[in-house]
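Peer 1: Would you mind keeping the following structure in view while I ask a few things?
The values are calculated or read from the model by the stated rules, or taken from the named source; none is laboratory data. Nothing here was measured: the structure is a model prediction, and the numbers come from that model. All Cβ positions, glycine included, derive from the backbone under ideal geometry; neighbour counts span all protein chains shown. All accessible areas refer to the heavy atoms of the entire protein, side chains included, with ligands and DNA or RNA removed. Shrake-Rupley method; radii C 1.70, N 1.55, O 1.52, S 1.80 Å.
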Amino acid sequence: MRLTIAIVGAGIGGLAAAAALAGAGHRVTVFDRFEAPAPVGSGLVIQPVGMTVLDSLGVADEALRMGNRVHRMLGREARSGRRVLDVAYDAPGVPRFGLGIHRAALFDILHAAALRAGAEIRPGHRVERVEAGWVVHAKGTDGPFDMVVDASGAGSLLSPMRARSLGYGALWATVDWPAQTDLPYNELRQVYRRADRMLGVLPIGRVPGQQARKCAIFWSLPAGAYDDWQATGLEAWRVEASALWPDYAPFAAQITDPAQMTMARYSHGTLRRPWSDGGRLVHIGDAAHRASPQLGQGANMALLDAWALARALERAQGDVALAARWYAQARRWHVRGYQGMSRLFTSQYQSDSRMLPLLRDRVLFPLSQVSPLPGMLSRLVCGDLLPPLGSLSD
């Protein structure tokens with residue numbers, strides 16, 4: 001059954017949903033608030049579960065060409081140099097990897113996929129509300145649609161979620177991979193001072209239109225400390241960062257303007273029922289659930305939501321009420337499980353606690369290296385420690 005579907009938001013989840021739903025034969029219109037749809041942010045990691053969705057959409061090869069394979073996550077304590085995080089993607093013996101990629105590269109790939117599938121994308125349409133399948137925006141009203149998919153992210157005007165702001169966020173920037181570094185280009189490296197300082201380097205491949213190898217760098221920061229960071233000045237920040245981690249110096253040296261660093265603030269929340277109006281309004285991605293980025297699952301959750309919704313609609317043969325229920329059931333335990341684990345990890349790596357980092361370094365990390373935990377941690381990071389699509393995986 002061919003449905004008319006509106007998607008609000010042209011981010012990762014919205015474009016993936018557009019490609020999947022239009023590819024299934026539905027008439028899809030994407031409304032985006034920006035005059036020209038564009039990505040927001042720096043780099044991210046597509047985990048193996050996310051790569052499965054990209055493969056199903058027919059764009060995995062394009063992502064591999066633009067991104068960079070990451071085979072290990074390694075974190076050390078700044079003062080002692082001890083390992084306090086070490087997760088290999090192929091710990092169980094399966095040659096898997098995460099894909100570091102710039103948001104702009106992933107955006108271009110999914111944007112092109114949505115257009116190829118036949119989706120219509122309307123920029124400059126800031127959707128204010130949805131009424132019985134009608135999409136109301138500043139330029140007028142469109143509809144009615146059989147289903148409206150809210151993929152408008154953490155700032156959604158359509159989602160009733162009340163999320164709790166987290167105490168720490170992070171500054172992110174994209175820089176060139178320096179010639180003067182001994183860091184490997186296939187690992188995510190991090191350094192911590194207790195839990196109140198965290199800095200990292202993520203290799204992410206290429207940015208569209210450029211050939212130089214890129215990486216995303218990040219610096220943990222209390223959510224309300226951005227103004228203080230700016231006032232302190234870049235030189236003081238570079239000195240502190242280089243003292244904590246000398247290998248970070250050639251990366252930090254490329255930051256010559258505070259505007260190069262974007263502050264990302266995080267929150268935690270979940271819609272108990274990510275749909276309403278008899279299934280005519282469905283929420284996916286950050287409009288449905290949010291968590292800290294400690295497990296690197298944000299983009300993957302949005303991709304999985306989009307794919308689960310498309311599969312649920314296919315199985316329900318166009319019954320939007322049934323499809324919405326099946327979508328919610330399929331994603332419920334995977335989302336809640338990873339949110340819970342993310343909450344546990346966050347306080348160990350981004351907080352003002354003095355005791356939790358000691359527990360992390362002296363107890364939890366040594367335990368994490370004892371079989372069978374390395375394999376379980378690998379599956380946790382890969383995204384399939386719990387079934388990602390629930391009953392729809394059958």
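Peer 1: How many residues does region 3-25 hold that are part of a loop (DSSP other than H, G, I, E, B) and either buried (at least 24 other Cβ atoms within 10 Å of the Cβ) or touching a residue at least 24 places away in the same chain (Cβ under 8 Å) (or both)?
Peer 2: Count: 5.
Peer 1: Can you find, within region 226-271, the residue that is farthest from residue 347 (Cα to Cα) among those that are of a type in the set (Phe, Trp, Tyr) and in a loop (DSSP other than H, G, I, E, B)?
Peer 2: Only one residue fits best here, namely 245.
Peer 1: Working carefully through the options 343, 362, find the one that is without any contact (Cβ under 8 Å) to a residue 12 or more places away in the chain, charged (D, E, K, R) and either over 22 Å from residue 45 (Cβ atoms) or part of a helix (DSSP H, G or I) (or both).
Peer 2: 362 is the lone residue from the list that is without any contact (Cβ under 8 Å) to a residue 12 or more places away in the chain, charged (D, E, K, R) and either over 22 Å from residue 45 (Cβ atoms) or part of a helix (DSSP H, G or I) (or both).
Peer 1: Identify all residues within region 76-125 that are among the charged types (D, E, K, R) and not in a loop (DSSP other than H, G, I, E, B); write none if there are none.
Peer 2: Here is the first cut: in region 76-125, the ones among the charged types (D, E, K, R) are 76-77, 79, 82-83, 86, 90, 96, 103, 108, 116, 120, 122.
Within region 76-125, 76, 77, 83, 86, 103, 108, 116, 120, 122 qualify.
Peer 1: Okay, next question. Going residue by residue through region 32-41, is there one that turns out to be closer than 30 Å to residue 144 by Cβ, charged (D, E, K, R) and surrounded by fewer than 24 Cβ atoms within 10 Å (Cβ to Cβ)?
Peer 2: For region 32-41, residues closer than 30 Å to residue 144 by Cβ, charged (D, E, K, R) and surrounded by fewer than 24 Cβ atoms within 10 Å (Cβ to Cβ): present.
Peer 1: Here's a follow-up. Report, by residue number, each residue of region 89-110 that is among the charged types (D, E, K, R) and either in contact with an Asp or Glu (Cβ under 7 Å, 6 or more places away or on another chain) or open to solvent by less than 10 Å² (accessible area, probe 1.4 Å) (or both).
Peer 2: 96
Peer 1: Ok, one more. Open to solvent by 10 Å² or more (accessible area, probe 1.4 Å) and closer than 28 Å to residue 187 by Cβ: is that true of residue 358 in this structure?
Peer 2: yes
Peer 1: Does residue 163 fit the bill of being of a type outside the set (D, E, K, R) and either closer than 12 Å to residue 7 by Cβ or open to solvent by 20 Å² or more (accessible area, probe 1.4 Å) (or both)? Step through it out loud before you land on a result.
Peer 2: Numbers: of a type outside the set (D, E, K, R): yes; either closer than 12 Å to residue 7 by Cβ or open to solvent by 20 Å² or more (accessible area, probe 1.4 Å) (or both): yes.
The answer is yes for residue 163.
Peer 1: Related question: Considering (1) buried (at least 17 other Cβ atoms within 10 Å of the Cβ); (2) more than 13 Å from the chain's Cα centre (by Cα); (3) of a type in the set (A, V, I, L, M, F, W, C); (4) in a helix (DSSP H, G or I), say which one residue 304 fails and leave the rest.
Peer 2: (2)
Peer 1: Report yes if residue 79 is exposed (fewer than 14 other Cβ atoms within 10 Å of the Cβ) and within 24 Å of residue 328 (Cβ to Cβ), otherwise no.
Peer 2: Values: exposed (fewer than 14 other Cβ atoms within 10 Å of the Cβ): yes; within 24 Å of residue 328 (Cβ to Cβ): no.
So residue 79 does not fit the description; no.
Peer 1: Moving to a separate point now. Of the conditions (1) surrounded by 14 or more Cβ atoms within 10 Å (Cβ to Cβ); (2) in contact (Cβ under 8 Å) with a residue 12 or more places away in the chain; (3) closer than 21 Å to residue 86 by Cβ, residue 353 fails just one. Which one is it?
Peer 2: (3)
Peer 1: Taking the condition touching a Pro at 6+ places or on another chain (Cβ under 8 Å), open to solvent by less than 10 Å² (accessible area, probe 1.4 Å) and part of a helix (DSSP H, G or I), does residue 338 pass?
Peer 2: No, not satisfied.
Peer 1: Now for a separate question. If you check 209, 278, which single one turns out to be free of Cβ contacts under 8 Å to residues at least 60 places away in the same chain, assigned to a helix (DSSP H, G or I) and more than 25 Å from residue 351 (Cα to Cα)?
Peer 2: 278
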